[in-house]
Amino acid sequence: MSALFEFCLRMGDNTLVLGHRVSEWCGHAPVLEEDIALANTALDLIGQTQLWLGLAAEVQGEGKSADDLAFLRDAWDFRNALLCELPNGDFGQTLMRQYLFDEWHCMMLNALRSSTEKRVSDIADKAIKEASYHLERSRDTVIGLGDGTTESHARMQAALDYLYPYVGELFVADGHDEAATKAGIAPDLASLRDGYDAALSATMAAAMLTIPDDKFAHKGGRTGRMHTEHLGHMLTQMQWLQRAYPGASW
Amino acid sequence: MYAQMVKSTGEGVKSRDEMSPEEAAFQDRIDQDIKIEPKDWMPEGYRKTLIRQIGQHAHSEIVGQLPEGNWITRAPTLERKAILLAKVQDEAGHGLYLYCAAETLGVSRDELTEDLLSGRMKYSSIFNYPTLNWADMGAVGWLVDGAAIMNQVPLQRTSFGPYSRAMIRICKEESFHQRQGYDIMMKMAQGTEAQKKMAQDALNRTWYPALMMFGPSDKDSVHSAQSLAWKIKIDTNDELRQRFVDQTVPQAEYLGLTIPDENLKWNDEKGGYDFSQPDWEEFFDVVRGNGPCNVDRLAARNKAWDDGAWVRDGLLAHAEKRAARKTAAE
């Protein structure tokens, strides 16, 4: 498969899987404004999925659609970072996961605006506006809850401790990433790390939260080598109608 | 509108002779279609009735997220998932405008929320029915939002300014909701045998609960008479129900689906359909808390509120700290 195809899957699966997770909140948020914001975030991510997986299907050239890729692949073919598929946990864990992703997502999309592949830079131009808003909100919320009550601080620290080992994967390149970088499609992932770490430090300092010392990184989502147990359960729900009634048009 | 059986003063409509000069001047403004604004004088009964009605409507928007949220994670295509998310987001937004409209009458959103969570205030009976197959997302848009629009379009002319303005915004979005619902039904009705079965099943289960949304016949209700006189309510429940049936029957025929009513028949003389009434015993059971989903819906809202307490407290504490730091720096 081409580097461009793999690259689009990795972007599209991130937004699909995270968008799905965020959509699980529907109607259950702590306050009405958060119900609206969570639905809005999920909606943006699903919209971006249509673009990335649409381009992946086009590049693949097998006559498939974005829906075929979303609903008819099994877990081993998913290429999202593990961070995106982790369960929602409490609201703090959901917003911490969102922040850790958004910070990376914005850096990535910004770099992709100068991709040599025009179809990629076009998607990045559109998605960056939404992602910047997501980042502003998730950062503010992480700071607000980190620097809130004793309880909210403890919950946010627990969320950071749980999620931080999943951050490193976002910056580890494999052969496909290197090919995409060489072709000018995407930036060198490792080159984003310093900026990310600086932003993370600033946010966590404002949130009175401590970034774990251990830099261990769980990996395997972006390459498809080994997802968490959580992804399969998500797919049983997400893909159920398409699987139970094959060939139907919805 | 998602308000049913809203209590008014409980007394009959006052005649002109019985009105105080203030009440008469107020009624004159209503009769001349001049909007009442929050700072204007208004009878206490008008204010209370509006709080009940707007509050019930707002609560319905909030609880109404749940039956649709039930299918967001199972939506069969990316586009359907996106549309459903947009719709549910609109509903939460409607809840927000309506709570704001109610706040202009001197009741806070938190007070109204407490009343919902404790069961003191109601939401529309329709949301106590389950959504069991994907075609329910079609039926909810087509019939439930359709019935809501039937009620809300006249309410754009309701006498209380903030409520009327909220309705104008809401109606624009509701018509999109109804169209997307009908679009789902169309796909299903033209689809495979299994999809047709889902569509008919959804219609069978949703039809009578949708007719109940207009509330029982209000020809003898003092509450309705007063609300009509104050233009909080514009049409009677029976007028709206008839209009809804007349509009919906040809749509069902176009889909090739059968409305589950053997007595449904065009009546030339009245220029509308004759149809069976829903089972009003069932309606009163649902209103009393015995619908298929009442307990689960209220439990879900209570859990969301209770689980979210630390978030609300945390953000409030942070805002206070920030304000204190700002003051200290000045």
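So is A:TRP76 open to solvent by 10 Å² or more (accessible area, probe 1.4 Å), more than 10 Å from chain B (Cβ to nearest Cβ), more than 24 Å from A:TYR162 (Cβ to Cβ) and not basic (Lys, Arg) or not? Even if it seems obvious, please write down each step before you answer.
On the way: open to solvent by 10 Å² or more (accessible area, probe 1.4 Å): yes; more than 10 Å from chain B (Cβ to nearest Cβ): yes; more than 24 Å from A:TYR162 (Cβ to Cβ): yes; not basic (Lys, Arg): yes.
Considered against the rule, which asks whether it is open to solvent by 10 Å² or more (accessible area, probe 1.4 Å), more than 10 Å from chain B (Cβ to nearest Cβ), more than 24 Å from A:TYR162 (Cβ to Cβ) and not basic (Lys, Arg), A:TRP76 comes out as yes.
All but one of (1) among the charged types (D, E, K, R); (2) open to solvent by less than 40 Å² (accessible area, probe 1.4 Å); (3) in a helix (DSSP H, G or I); (4) within 19 Å of B:PHE283 (Cα to Cα) hold for B:ASP218, so report the exception by its number.
Condition (3) is where B:ASP218 drops out.
Can you find a residue that is under 30 Å from A:ARG243 (Cβ atoms), surrounded by fewer than 18 Cβ atoms within 10 Å (Cβ to Cβ) and touching a Gly at 6+ places or on another chain (Cβ under 9 Å) anywhere in segment A:85-100? I'd like the intermediate steps shown before the answer.
Taking segment A:85-100 as the starting set, the residues that turn out to be under 30 Å from A:ARG243 (Cβ atoms) are A:85-89, A:93-94, A:97-98.
Subsequent filtering for residues that are surrounded by fewer than 18 Cβ atoms within 10 Å (Cβ to Cβ) retains A:87-89.
The next check asks that each one be touching a Gly at 6+ places or on another chain (Cβ under 9 Å); those that pass are none.
No, that holds for no residue.
Give the number of residues within segment B:247-291 that are surrounded by fewer than 18 Cβ atoms within 10 Å (Cβ to Cβ), assigned to a loop (DSSP other than H, G, I, E, B) and over 24 Å from the mean Cα position of the chain (by Cα).
Residues meeting the conditions: 9.
Tell me the helices (runs of 4 or more DSSP H) entirely within segment A:165-239 that contain at least 3 residues that are closer than 24 Å to A:LEU72 by Cα. Before you say what the answer is, go through the steps one by one.
Working: elements: A:175-182, A:193-206, A:229-238.
Because the criterion is at least 3 residues that are closer than 24 Å to A:LEU72 by Cα, the helices (runs of 4 or more DSSP H) in segment A:165-239 that meet it are A:229-238.
Any residue in segment B:143-165 that is more than 13 Å from the chain's Cα centre (by Cα) and within 14 Å of chain A (Cβ to nearest Cβ)?
There is no residue in segment B:143-165 that is more than 13 Å from the chain's Cα centre (by Cα) and within 14 Å of chain A (Cβ to nearest Cβ).
Give me the pairs: first residue in segment B:166-178 and over 13 Å from B:GLY93 (Cα atoms), second residue at pLDDT below 90 and of a type outside the set (Phe, Trp, Tyr), beta-carbon distance under 9 Å, and six or more apart or on different chains, which are they?
none
Find the helices (runs of 4 or more DSSP H) located wholly in segment A:22-119 whose residues include 1 or more that are touching a Cys at 6+ places or on another chain (Cβ under 7 Å), and list them. Step through it out loud before you land on a result.
Numbers: elements: A:32-60, A:66-71, A:82-85, A:91-112.
Because the criterion is at least 1 residues that are touching a Cys at 6+ places or on another chain (Cβ under 7 Å), the helices (runs of 4 or more DSSP H) in segment A:22-119 that meet it are A:32-60, A:91-112.
Among the listed residues B:LEU116, B:LEU132, which satisfies the condition of being within 14 Å of chain A (Cβ to nearest Cβ) and either in a loop (DSSP other than H, G, I, E, B) or open to solvent by 10 Å² or more (accessible area, probe 1.4 Å) (or both)? Working first, answer last.
On the way: B:LEU116 fails: either in a loop (DSSP other than H, G, I, E, B) or open to solvent by 10 Å² or more (accessible area, probe 1.4 Å) (or both).
Result: B:LEU132 is the single residue among B:LEU116, B:LEU132 that is within 14 Å of chain A (Cβ to nearest Cβ) and either in a loop (DSSP other than H, G, I, E, B) or open to solvent by 10 Å² or more (accessible area, probe 1.4 Å) (or both).
Provide a single number: the residues in segment A:42-59 that are touching a Leu at 6+ places or on another chain (Cβ under 8 Å), more than 10 Å from chain B (Cβ to nearest Cβ) and open to solvent by 20 Å² or more (accessible area, probe 1.4 Å).
Of the residues in that region, 1 qualify.
Within segment B:30-61, how many residues are open to solvent by 70 Å² or more (accessible area, probe 1.4 Å), in contact with a Lys or Arg (Cβ under 9 Å, 6 or more places away or on another chain) and either of a type outside the set (Lys, Arg) or touching a residue at least 60 places away in the same chain (Cβ under 8 Å) (or both)?
Matching residues across segment B:30-61 total 3.
Is segment A:60-80 home to any residue that is under 26 Å from B:GLY95 (Cα atoms) and small (Gly, Ala, Ser)? If you could, list the steps in order and put the result at the bottom.
At the first step, the residues of segment A:60-80 found to be under 26 Å from B:GLY95 (Cα atoms) are none.
Checked against the condition, which is being under 26 Å from B:GLY95 (Cα atoms) and small (Gly, Ala, Ser), segment A:60-80 yields no hits at all.
Identify the single condition in (1) open to solvent by 10 Å² or more (accessible area, probe 1.4 Å); (2) in contact with a Lys or Arg (Cβ under 9 Å, 6 or more places away or on another chain) that A:GLY19 does not satisfy, given that it satisfies every other one.
Condition (1) is where A:GLY19 drops out.
Would it be correct to say that B:LYS233 is away from every other protein chain (no Cβ under 14 Å) and surrounded by 18 or more Cβ atoms within 10 Å (Cβ to Cβ)?
On the way: away from every other protein chain (no Cβ under 14 Å): yes; surrounded by 18 or more Cβ atoms within 10 Å (Cβ to Cβ): yes.
Yes; evaluated as a whole, the condition is true for this residue.
Just checking, how many residues over segment A:108-120 are under 17 Å from A:ALA190 (Cβ atoms) and crowded, with 21+ Cβ neighbours inside 10 Å?
Residues of segment A:108-120 under 17 Å from A:ALA190 (Cβ atoms): A:108, A:110-112.
Okay, now just the ones that are also crowded, with 21+ Cβ neighbours inside 10 Å, so A:108, A:112.
The total comes to 2.
Which residue pairs have Cβ atoms closer than 8 Å, lie 6 or more positions apart in sequence or on different chains, and pair a first residue in segment A:14-27 that is within 8 Å of chain B (Cβ to nearest Cβ) with a second residue that is small (Gly, Ala, Ser) and surrounded by fewer than 24 Cβ atoms within 10 Å (Cβ to Cβ)?
Cβ pairs passing all conditions: A:CYS26/B:GLY69; A:GLY27/B:GLY69; A:GLY27/B:ALA300; A:GLY27/B:ALA304.
On the given criteria, is B:GLY314 part of a helix (DSSP H, G or I), on the phi > 0 side of the Ramachandran plot, open to solvent by less than 50 Å² (accessible area, probe 1.4 Å) and out of contact with any strand residue (DSSP E or B) (no Cβ under 9 Å at 6 or more places or on another chain)? Steps first, please.
Details: part of a helix (DSSP H, G or I): yes; on the phi > 0 side of the Ramachandran plot: no; open to solvent by less than 50 Å² (accessible area, probe 1.4 Å): yes; out of contact with any strand residue (DSSP E or B) (no Cβ under 9 Å at 6 or more places or on another chain): yes.
It is false that B:GLY314 is part of a helix (DSSP H, G or I), on the phi > 0 side of the Ramachandran plot, open to solvent by less than 50 Å² (accessible area, probe 1.4 Å) and out of contact with any strand residue (DSSP E or B) (no Cβ under 9 Å at 6 or more places or on another chain).
Say we look at segment B:81-94 and pick out the residues that are facing chain A (nearest Cβ under 7 Å) and surrounded by fewer than 24 Cβ atoms within 10 Å (Cβ to Cβ); which of these is farthest from the chain's Cα centre (by Cα)?
Step one: filter segment B:81-94 for residues facing chain A (nearest Cβ under 7 Å), giving B:81-82, B:85-86, B:88-89, B:92-93.
Keeping just the survivors that are surrounded by fewer than 24 Cβ atoms within 10 Å (Cβ to Cβ) gives B:82, B:86, B:89, B:93.
Details: B:ALA82: 23, B:ALA86: 18, B:GLN89: 15, B:GLY93: 13 Å.
That would be B:ALA82.
The values are calculated or read from the model by the stated rules, or taken from the named source; none is laboratory data. Everything numeric here is computed off the predicted structure, so don't read it as measured data. Quick reminder, even Gly has a Cβ in these numbers, built from the backbone with ideal geometry, and neighbours come from all protein chains shown. Side chains are part of the model used for accessible areas, which takes the heavy atoms of the whole protein and leaves out ligands, DNA and RNA. Shrake-Rupley method; radii C 1.70, N 1.55, O 1.52, S 1.80 Å.
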